[in-house]
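Engineer: Once you've had a glance at the structure underneath, I'll fire off some questions.
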Amino acid sequence: MSEQSNKQPNRILVIGGGFSGLTTAVDAAETGAEVIVIEKNPYLGGRVAQLNKYFPKLCPPICGLELNFKRLKNSPLISVYTMAEVENVSGGPGDYTVAVKLAPRFVNDNCVACNACSEACPAERPNEYNLGMDTTKAAYLPFNQAFPQKYVIDSAHCKADCGKACQNACKYEAIDLNMKQESVTFKVSSIVVATGWNPYDAKKIDTLSYGSVKNVITNMMMERLASPSGPTGGKIVRPSDGKPVENIVFVQCAGSRDENHLPFCSYICCLASLKQTTYIREQNPESKAHIFYIDIRTPGRYEKFYWKVKDDPNVSFTKGKVAKIVQAEGSDDVIVEAEDMQTGKKVKVRADMVVLATGMQPAGAAQKINGVNYTEEGFALSNQGVIAAGCGRNPMDVARSGQDATSAVLKAIKTGLGR
Amino acid sequence: MEQIIKPDLNFVNDIIASGGESLKKCYQCSTCTVVCNVTPDEKPFPRKEMLYAQWGMKDKLIGNPDVWLCHQCSDCTAYCPRGAKPGEVLGAIRKMTISEYSPTPFAKMAGDPKYLLVLFAIPVLLFLSYIVPKGYLDFSQIPRGEDGGIVYAKFMPVFPQIDVTFGLAALFALACFVVGIKKYWSAMSAQLDGSGAGAQLKGNLIGSVTATIIEILTHKRFQKCNVTKDRSTAHLLVFYAFAGLAITTTWAIIYLYGNEFLGITAFSLFHFGESPYPLYDPMKILGNASALTLLIGITLVTLNRMKNAEKAGKGSYYDWLFISVIFVIVATGILSEVLRLADIAVLAYPVYFIHLVFIFFLFAYAPFSKMAHMVYRAAAMVFARHSDREV
Amino acid sequence: MSLRELAVWSQEPKSDEAQLAAEDYIKMGVIKAQKGDIPEPYVMETDKTILVIGGGIAGMTAALQSAQSGYQVVLVEKEDRLGGFVNKLYKKVPAAAGEYKKPLIVDTDIDKTIKEVEGNPNIKVFKSAKVEKTEGQPGQFDVTIASNGNSEVVKIGSIILAAGWRPYDANKLEHLGYGKSKDVVTNIEFEDLARNGIIKRPSDGKDATRVAFIQCAGQRDPNHLSYCSAMCCTTSLKQAQYVRQNPDATAMILYKDIRTPGNLEYYYKAAQNDPGVMLTKGDVTAVTQSGNGSLFVEMENSLLGEKVKVEADLVVLATGVVPATVDDPILNLKYRQGPGLPDLELFDGFADSNFICFQYETRRTGVYAAGCIRQPMSMSDAQEDATGAALKAIQAAEHVAKGVAVHPRAWDVTWPDPFMQRCTSCKRCTEECPFGAIDEDEKGTPFYKPGRCRRCATCMGACPERIVSFKDYHVDMIGSMMKNVSVPDDEDKPRIIVLACENDAYPAIDTAALKHAKIDPAVRIIQLRCLGSTNLVWIADAFSRGIDGMLLLGCKFGENYQCHFAKGSELADYRLGKVQETLDRLQLEAERVGLIQVAIDEYNNIPAIIQKFVERVKEIGPNPFKGF
């Protein structure tokens, strides 16, 4: 910042190391502020790190993450804490005290990501990065291009001699089984809340039979299924029997725009489903995709992406919300039911697999940070020194999250200037 | 055919006033039609009805059989993502349909709490006009039966007071129904012609009527309700209780006029004495059994409604008035009998009086109250079958 | 050099090949270190004043945010009053984070914002003004502002382009009755009609009790605007509330899709929950006279019926957004590559970014767009957008002052330092620079503006004289690395150089190695800043030393290019098209050189891609220069 106003270094604490938090950190540091990033996962990148491709360019999200990681590594002003959670925020604009709890990783900075611990590790754990569709060893790297490139030991799944086995395999003395949970406090001038979102729990939508009918998956699971780092190496096959998916149905507004679930629109799901039709169409030229929707929401220039998908004769659209999903008799196929409003008839479509376009629930719905204000639905609210950014304050796509984060940086920096 | 749309704001406001205040929240997703188990698959309801209602398209609604094929299971209301409560909106439209086709001003009054006192004042004054001149307000003046017990027929003679009053009321109701159904039928036919859907009236009317009767007797459609599963049982109880009471009433008329007045011995087969008939009289048994069934049925209806209020909506004044009237009728009916047998005159006569007033309310205002649903819904069911809307 | 990835994990353990690879990479690493110098930043005298072009809500927000952060701001507005389109609005949508409470329309309070801007001592406002020309570079822009017949030159550090938008020309919407009936108006004109309370129809002054809103009037239509204007659905829902100020009036919104994304859904819900607001989906085909003074809106595929006519007293066309940049460069840059932002046709004329992750990046350094000139957006979104753009502008001004690059190499203190004595003024660098960083003087000699430079080194690759160097990256350095790679004598063992872009291709190789995937031992991999920096001399260097093939791995190009420097891989491809000549001269097959586009997530395919190329080279046979 300009010299006349720069009395003390501006210190910003960023809660969340997903796309918004990362952008906040990099943009703030590149403007001269000191930044502390608090991320609850063992890696940065958040939901974006789980995406296969971005709409509308169909480019890999890891590309932009990689660049941000590079900037982060090149900046001496940023400190990153993974496996960390904010417990309390106190103080006021210009002078906040933030209490942070650090969970043990059991792996120190000696780790070279050689995979020896994982090979030796006798225990497995469900892989939440792949939404539980496969498992990893209890000593694991969250995903190929994870940052930091350091293994983690999941102590909940690494009991008895498991830890020792991992430790013995490590040639670099990188495994420290005596690590304990720690508490640290930070003094900062402002806080950016970029806690992001969680996929809405599809089990709560009883009409859509997620969990009870086979081969009904969520859109985030579809991202992992299509991803080269996913459980199938990117081959889109259905979970029940591994059959390549030829016929797929997308159910829009699975939970979103619904007072019984999420009353708001999740912004991304229409575009995500349009994008996911291209995954399946690319893998199999004979495949067919069908989208049931209330309104197709492709605002701004995204409209052209909608047109592109609509031009594909194997992708069809029906205005009408799916409200019933059943298993086809004697088969793993799925039957969805909706009203085709244009013809005014109830229609039933049979598919190999059904993707529920589940929406985003702000992280604040499940977990609120002491000292931060929220709306009834759990969206974080901003005030002078605590600035909410990204999907934790309003559903938005990656592009807007980045832009929103950049905007939050200026507000955060301005708070620090007043000191 | 190109149709000109002229939205009718007044009609929209009327629906809102009639208990459909949530209708404007609908954003046309059609969850309602998909979760509805009683709609046909072709042109299903209630999504399209919600749109017509939002636009105030009166003709499309009051000449619409689907509005009555709806049994207000409230699956739609429970699953509606916007809280638009299609079940309640259709309920409001049904009320407006009844009012629309009723030829008298009573229709407006039946749905509006303001007029409640007026509606009750009519039978109250009527019955008072019988008893006041005789000085029966002093209960000791009321003659007793041969065994010294309370005999309601001596308080309010069956002929002419009761039978003429109720006979005329029934005739009035019947006439209103005939006119109403005729209008409704022709409105439905007009919509059918105007719909351009190619649907035509065909099939045999007798067949449609028979099928409808069977459906009503079995409540087959009603049983498809999901969220409010128990409602069909409760309704079935009420329905059969009314049927039982109807038989009892007919039976009593046959006793009275056939046997007592005209002395036709064929009617005296089970005749064990004069009114009040003894408790072992089969007619009395049927009557009492029906009354108890009705009590259980209407209690279940009430409990179900309260239980489902959160998901299905709390219901309108119109609905609750109807339920209350039935409740009071059955309660006062049973009480009258008990009080008579217990010989507590000071309570027995007033309770019986109230009983009569409510029965009058039920009968005379049937074409304007929710009671009319049995007629309009039956007509709609027949029409739907007859027009191949469904089979 | 990451020996572990390149020589250990990706090779057969303890093999001779692995050993040889390790030796080569160590050699290359040493050369790189020897040939590199400690860089010193290019520090110049700079000014950090921020120029905001456009005094609408986005521009005013950007100006205020920058000024409040302690920066001097120059604000240029073309009209004689600040406020832009907000001035035309009767009311706006209130702010809310969740449920919207009544009232659903509130005053814009634009006068308050204007006063705040005009009263801020850090902001200098030029009204009835335009940017006549912009010369120089970030930190040292000389911007000529013409205002009321005077011209003034101001020193500027960085620029926020917030020149806004105009409504789509409704005269082109004759089928919707515009121009044919006075009672067909645009949504902007409707704001004015609403100002007087009860809405009257323009033709005869009667109360307009039936108002039809036609959504997507021009937008989402291949004959008009291919995009959605993002704000019109909310605007019509808002304007329906204007109509409903008359309790007897109905507002009918005829839509294709209602688009109220995110928390705006709450507004949709609140605004439609009104007896007189009616909505239906349908395709409006025409607006015609009804014969009794009112209008018919004709619709097909409507939810109300296949073919219906809606009778209305007044028809409002929800027309869309056309960015100011569609036909006006606005910036009037005195750059060799032209006065405006390049490639705007990719974005339908919007000054948008091609990068999903980096929304403010334009191809003109130090210029950041905000508001509806960047993307169609609502008023509140434009305010957020402007705040972000202000941060980027501040960041750029600070970075150039310190001599550090801006996005994407925001840590880089090196800069292109051409050895001008050997320049032949061939102008390839000035033409190829993706950021227009190189101008030419009167004689046609290139003139480097480091403030505009993003350090991709495309100029280094373009220069046939090899005169462009960075302290830690130059033609000789990479050339020497190649020349020192071991060349096996064995004819079955080719040696192939892989030039990999450090942003996508190289991390993909890295990840393949991390997964212990084996990479053909024939290749030696060299990281480049960008394939755009590939100098053709390297091909000659390598082949003359007996290298059998060269493979370039770079980012995807085309419409949805993934190159962080916009054009790098595409330029390399273009240059390779000309390599034939060089190879012919050496009597070598053109197929020995190839460029393959890979994305960062293609790590599973990388070994096979390389393998295939090695096979191709093996088929051609060994380099005849081998052993010379």
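Engineer: Would you list which aspartates and glutamates come within 17 Å of residue C:578, measuring only between C-alpha atoms, while excluding same-chain residues fewer than 8 positions from it?
Structural biologist: The reachable aspartates and glutamates, counting only those whose Cα sits under 17 Å from residue C:578, are C:431, C:432, C:465, C:541, C:570, C:589, C:591.
Engineer: In debye, nearest 20, what is the charge dipole magnitude of the stretch A:146-236 about its Cα centre with +1 on Lys and Arg Cβ and -1 on Asp and Glu Cβ, if you could check?
Structural biologist: I would put it at about 120 debye.
Engineer: If one takes the longest principal axis of the Cα atoms in chain A, at what angle in degrees, from 0 to 90 and to the nearest 10, does the Cα axis of helix A:269-283 lie?
Structural biologist: 70
Engineer: Another question, if that's okay. For the pairs A:275/A:319; A:304/C:182; B:183/B:370; A:321/B:224; A:70/A:308; C:483/C:626, note any where the Cα-Cα span goes beyond 23 Å.
Structural biologist: Details: A:275/A:319 18 Å; A:304/C:182 33 Å; B:183/B:370 18 Å; A:321/B:224 21 Å; A:70/A:308 34 Å; C:483/C:626 12 Å.
In this structure, A:304/C:182; A:70/A:308 exceed 23 Å between Cα atoms.
Engineer: Sort out for me the Cα centre separation of the stretch C:139-192 from the stretch C:295-334, rounded to whole Å.
Structural biologist: 18
Engineer: A follow-up question, please. Residue by residue through A:341-352, how many Cβ atoms from other chains fall within 10 Å of the Cβ on average?
Structural biologist: Numbers: counts 10, 5, 2, 9, 6, 10, 2, 1, 0, 0, 0, 0.
What the average comes to for A:341-352 is 4.
Engineer: As a test of reading the structure, rank C:151, B:316, C:569 by solvent-accessible area (1.4 Å probe, protein chains only), most first. Please list the in-between numbers first.
Structural biologist: Details: C:151 75, B:316 30, C:569 5 Å².
Ranked list, largest accessible area first: C:151, B:316, C:569.
Engineer: Taking a quarter of the surface of the Cα convex hull of the protein assembly as shown, what do you get in nm²? Spell out each step's value before the answer.
Structural biologist: Working: hull surface 263.2 nm².
Computed as one quarter of the Cα hull surface, the answer is 65.8 nm².
Engineer: Relative to the longest principal axis of the C-alpha atoms of chain A, give the angle of the C-alpha long axis of helix A:398-417, reported between 0 and 90° and rounded to the nearest 10°.
Structural biologist: Relative to chain A, helix A:398-417 is tipped by roughly 20 degrees.
Engineer: Using helices alone, what [θ] at 222 nm do you get for the protein assembly as shown, with -39,500 (n - 2.57) per DSSP H run of 4 or more residues, divided over all residues and rounded to the nearest 500? Numbers along the way, then the final one.
Structural biologist: Values: 41 runs with 495 residues, N = 1438.
It lands at -10500 deg cm²/dmol.
Engineer: Another question, if that's okay. What order do you get for C:497-510, C:29-42 when each peptide is scored by the mean count of other beta carbon atoms within 10 Å, highest first? Could the numbers behind the result be given before it?
Structural biologist: Details: C:497-510: 26.2, C:29-42: 14.1.
Top to bottom by mean Cβ count within 10 Å: C:497-510, C:29-42.
Engineer: Another one. Could you tell me the accessible area of residue A:398 in Å² (1.4 Å probe, neighbours in place), rounded to the nearest ten?
Structural biologist: About 30 Å², ignoring ligands and nucleic acids.
Engineer: Now a separate question. Between their Cα atoms, which of A:324/B:25; A:57/C:91; A:204/B:25; C:88/C:115 are more than 29 Å away from each other? Each step should come with its number before you reach the end.
Structural biologist: On the way: A:324/B:25 22 Å; A:57/C:91 37 Å; A:204/B:25 23 Å; C:88/C:115 17 Å.
Beyond 29 Å: A:57/C:91.
Engineer: If a cysteine in chain B has no other Cys Cβ under 4.7 Å from its own Cβ, put it on the list, ordered by number.
Structural biologist: If one checks each Cβ against the other cysteines of chain B, B:26, B:29, B:36, B:70, B:80, B:176 turn up with nothing under 4.7 Å.
Engineer: Sequence neighbours fewer than 8 away in the same chain don't count; with that in mind, list the aspartates and glutamates whose C-alpha is under 16 Å from residue B:95.
Structural biologist: B:14, B:21, B:49, B:59, B:66, B:112, B:319
Engineer: Separation between the residue C:426 and residue C:30 pseudo-spin-labels, each 7 Å from Cα along Cα→Cβ, expressed in nm?
Structural biologist: 3.4
Engineer: Quick one, what does Rg over Rh come out to for chain B if you take C-alpha atoms and the Kirkwood Rh?
Structural biologist: Numbers: Rg = 23.0 Å, Rh = 22.7 Å.
Radius of gyration relative to Kirkwood radius: 1.01.
Engineer: Any idea what the dipole of the protein assembly as shown comes to, in debye rounded to 20, about its Cα centre with Lys/Arg Cβ at +1 and Asp/Glu Cβ at -1? Mind dumping the intermediate values first?
Structural biologist: Details: 157 positive and 157 negative charges, 308 e Å.
Computed charge dipole of the protein assembly as shown: roughly 1480 debye.
Engineer: Residues of the stretch C:217-233 with accessible area at least 10 Å² lower in the all-protein-chain context than alone (1.4 Å probe)?
Structural biologist: So the qualifying set is C:220, C:222, C:226, C:227, C:228, C:230.
Engineer: Okay, next question. For a quick check, take a GNM of chain B with Cα springs below 10 Å and name the residue from B:20, B:56, B:149 with the largest mean-square fluctuation.
Structural biologist: Most flexible of the set in this elastic network: B:149.
Engineer: I would also like to ask the following. In square angstrom, rounded to the nearest 10, how much accessible surface does residue B:206 have for a 1.4 Å probe?
Structural biologist: Residue B:206 exposes around 130 Å² with every protein chain in place.
Engineer: Could I ask something else about it? On average, how many beta carbons from a partner chain sit within 10 Å of the beta carbon of a residue in C:267-276?
Structural biologist: Values: counts 0, 5, 9, 1, 1, 6, 9, 2, 14, 6.
Across C:267-276, the average partner-chain Cβ count within 10 Å equals 5.
Engineer: Can you spot the lysines whose alpha carbon is less than 17 Å from residue A:187's alpha carbon? Ignore those fewer than 8 places along the same chain.
Structural biologist: Counting by Cα, and skipping residues close in sequence, residue A:187 has these lysines nearby: A:7, A:101, A:414.
Engineer: Within the stretch A:318-399, list the GluC sites (Glu not before Pro) lying in a DSSP loop whose Cβ has at most 12 other Cβ atoms in a 10 Å radius.
Structural biologist: Details: sites: A:329, A:337, A:339, A:376, A:377; in loops: A:329, A:376, A:377.
Answer by residue number: A:329, A:376.
Engineer: For a quick check of your reading of the filter: which trypsin sites (Lys or Arg not before Pro) in the stretch C:63-120 sit in a DSSP loop and have no more than 10 other Cβ atoms within 10 Å? Write out the running numbers ahead of the final one.
Structural biologist: Numbers: sites: C:78, C:81, C:88, C:91, C:92, C:101, C:112, C:115; in loops: C:78, C:81, C:91, C:101.
Sites meeting the loop and neighbour criteria: C:101.
Engineer: Another question about this same structure. Report, in whole Å, the centroid distance computed from the Cα atoms of the stretch B:272-339 and the stretch A:245-302.
Structural biologist: 52
Engineer: Sort chain A into rounded, prolate or oblate with this rule: let a ≥ b ≥ c be the square roots of the eigenvalues of the Cα gyration tensor; rounded if a/c is under 1.5, and if a/c is not under 1.5, prolate when a/b is larger than b/c, oblate otherwise.
Structural biologist: Numbers: a/c = 2.08, a/b = 1.37, b/c = 1.52.
Here chain A falls in the oblate category.
Engineer: Next question, about the same structure. At a threshold of 8 angstrom on Cα-Cα distance, excluding pairs fewer than six apart, so keeping six or more, what relative contact order does chain C reach in percent? Please list the in-between numbers first.
Structural biologist: Numbers: 1364 pairs, mean separation 90.2, N = 628.
The normalised contact order for chain C reaches 14 percent.
Engineer: Would you give the gap between the C-alpha center of the stretch C:556-628 and the C-alpha center of the stretch B:133-163, rounded to a whole Å?
Structural biologist: A separation of 113 Å, based on Cα centres.
Engineer: Another question, if that's okay. What distance in nm separates the two pseudo spin-label positions at residue B:210 and residue B:286, each 7 Å out from Cα along the beta-carbon direction?
Structural biologist: The two pseudo-label positions are separated by 2.5 nm.
Engineer: With 24 Å as the limit, write out which pairs from B:182/C:281; B:114/B:314; A:368/B:314 have Cα-Cα distances beyond it, or answer none.
Structural biologist: Numbers: B:182/C:281 35 Å; B:114/B:314 20 Å; A:368/B:314 34 Å.
Distance filter (> 24 Å) returns B:182/C:281; A:368/B:314.
Engineer: Oh, and also: Count, for each residue of A:287-296, the Cβ atoms from other chains sitting within 10 Å of its Cβ, then give me the mean as a whole number.
Structural biologist: On the way: counts 0, 0, 0, 0, 0, 2, 2, 9, 13, 4.
For peptide A:287-296, the averaged partner shielding equals 3.
Engineer: Using the Cα atoms as the points, what is the convex hull volume per residue of the stretch A:201-358 in Å³? Mind showing how you got there, number by number?
Structural biologist: Numbers: hull volume 18.0 nm³, N = 158.
For the stretch A:201-358, the hull spanned by Cα atoms encloses 114 Å³ per residue.
Engineer: Now for a separate question. Output the 0 to 90 degree angle, nearest 10, between the alpha-carbon long axis of helix A:61-74 and the longest principal axis computed from the alpha carbons of chain A.
Structural biologist: So the helix axis and the longest Cα principal axis differ by about 0 degrees.
Engineer: Still on this structure: For B:283, C:1, give me the order by solvent-accessible area with a 1.4 Å probe, most accessible first, ignoring ligands, DNA and RNA. Intermediate results must be reported in sequence, preceding the final value.
Structural biologist: Values: B:283 10, C:1 95 Å².
Correct descending sequence by accessible area is C:1, B:283.
Engineer: Please work out the average accessible area per residue across the stretch A:116-169, using the 1.4 Å probe convention, and give it in Å². Write down the numbers at each step before the final one.
Structural biologist: Details: 2290 Å² over 54 residues.
Per residue, the stretch A:116-169 has 42 Å² of solvent-accessible surface.
The values are calculated or read from the model by the stated rules, or taken from the named source; none is laboratory data. Everything numeric here is computed off the predicted structure, so don't read it as measured data. Cβ: placed from backbone, ideal geometry, glycine included. Neighbour counts: every protein chain shown. Each accessible area value is taken on the protein alone, full model and side chains, heavy atoms only, with ligands, DNA and RNA left out. Shrake-Rupley method; radii C 1.70, N 1.55, O 1.52, S 1.80 Å.
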